[in-house]
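Let me begin by presenting the structure, written as structure tokens, before commenting on it.
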Amino acid sequence: MKMSNRGVLSLRFNQDYGCFTCATESGLRIYNVDPLTQKLSQGVECVGSVAMAEMLFRTNVLALVGGGSLPKFDEKAVLVWDESQKDPEQKILMDVTFAQPVVAVRLQRDRLIVALRNQVHVFSFPNNPQKLYTFDTRDNPRGLVEVSPFGRTLVFPGHKCGSVQVVDLEMTQPEHTVSPVTINTHQSELACLALDQKGKLLATASRKGTLIRVFDVATKKLVVELRRGADPAVLYCISFSADSAFLCASSDKGTVHIFAVKDTKLNRTSTFKKMGFLGPYVESQWGLASFTVAAECACICAFGSSSSVIAVCVDGTFHKYVFTSDGNCNREAYDVYLDMGEDME
């Protein structure tokens, strides 16, 4: 998710949604989510302007890609950085340069995954770093690629419009030819992908942005179809809850929607369902709850503790809402994270 506002170039949660990175024109910031505190601030003199940053859980390891107006690092390179090292020369664990700009980077405990416009590369890391595989993709300007934090599922766009390729990194040996499994998810181009924590469920949305489909990765079968709305929208982010029971999604309409994935009876269904004159979409399930943030302001969303949903927006705002299974949604916290100083505890 990238969209410049107040100098923010991208936002990204870590794998357990307990922290988020904020890559900006003026450097890099890292925040803790609960309580909201700034944990790290690196200015342009140290890291330059940063296009994207990926944490490795709550460790000191980060993957950085340069960008913006004052880059210190190349937009075609990924730097794996150890923030615990005081000596700048010691901080760089890996520096991998590609022939094209990097559009996404993901980390697992022993894998670095890098997306270019037409390829996804998988490297071993940090010990004995080497390229393990390269997968060709459809043109992927949004950098759609996800890997499950626990488990070994890797997903990225397929060759056919609206399709997703699925790779099981556990079963994939570097010396063997890999044939990804393809799931046909939408008829139009993909806009968003998400995996649950164990890589068992895949959620997808197309650029039309009206439907979110959830698939069982093992069987490739559609589990549930969820309706964000009737009007087209740009989806910025989809996230599963830690137990995969719920899913949240943010869009340029300024609404964060919450859906039930396991107990789908909690979702609202159309009142016209029995009449059937609205066409096929009456069969879709609508969200059980929602809340609003600024419209047309890109934001990432994720589940926090105790039935809460967090939204972090590029305008510098932080929102926390608590929802109930009967559809109530109440604001618990609001802050401007960009105005916070560093927490020195």
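The values are calculated or read from the model by the stated rules, or taken from the named source; none is laboratory data. Everything numeric in this text was worked out from a predicted model, so none of it was measured. Reconstructed Cβ throughout: ideal geometry from the backbone, glycine too, with neighbour counts over all protein chains shown. Please note that ligands, DNA and RNA were not included when accessible areas were found on the heavy atoms of the full protein model with its side chains. Shrake-Rupley method; radii C 1.70, N 1.55, O 1.52, S 1.80 Å.
Quick notes
- An ellipsoid equivalent to the chain, defined through the eigenvalues of its Cα gyration tensor, has semi-axes of 32, 25, 17 Å when rounded to whole angstrom and sorted largest first.
- Candidates LEU190, LEU93, VAL145 compared by Cα position along the dipole of segment 86-203: farthest toward the positive end lies LEU190, with charges placed on Cβ.
- Close amide H pairs (under 5 Å, H built 1.01 Å from N) link CYS19 with ASN14, VAL33, residues at least 5 positions away or on another chain.
- Put a plus charge on the Cβ of each Lys and Arg, a minus charge on the Cβ of each Asp and Glu, and nothing anywhere else: the dipole of the chain about its Cα centre is then about 1240 debye.
- Remark: segment 171-241 projects, on average over all directions, an area of 5.7 nm² (convex hull of Cα atoms).
- Peptides 130-137, 43-50, 7-14, 180-187 ranked from most to least packed give 7-14, 43-50, 180-187, 130-137, packing being the mean of other C-beta atoms within 10 angstrom over each peptide's residues.
- Here's how it looks for TYR236: its modeled amide H is under 5 Å from those of SER250, SER251, ASP252, which are all 5 or more places away or on a different chain.
- The string of couplings for segment 331-340 from the Karplus curve (6.51, -1.76, 1.60, θ = phi - 60°) is 6, 10, 8, 9, 8, 10, 5, 5, 8, 7 Hz, one whole number per residue in order, with x for Gly and Pro.
- Across segment 119-210, Cα-Cα pairs more than 17 Å apart make up 49 percent of the total.
- Expressed as a whole percent, the proportion of Cα-Cα pairs in segment 7-73 lying more than 21 Å apart is 16%.
- Projection of the Cα convex hull of segment 45-96, averaged over all directions and equal to a quarter of that hull's surface, yields 3.4 nm².
- Summing charges over all other residues whose Cβ lies under 15 Å from the Cβ of PRO180, with Lys and Arg as +1 and Asp and Glu as -1, gives 0.
- Sorted on the mean count of surrounding Cβ atoms within 10 Å across their residues, most packed first, peptides 222-232, 16-26 read 16-26, 222-232.
- Rg [Å, one decimal], Dmax [Å, integer] - segment 46-146, C-alpha atoms: 13.0, 41
- For segment 64-138, the carbon plus sulfur part of the accessible surface works out to 44%, probe radius 1.4 Å.
- Euclidean distance of C-alpha centroids, segment 102-176 and segment 1-76, integer Å: 21
- Remark: C-alpha extents of segment 60-219 on the principal axes read 49, 37, 26 Å, sorted largest to smallest.
- Probing with 1.4 Å while keeping every protein chain in the model, the per residue accessible area of segment 215-266 equals 40 Å².
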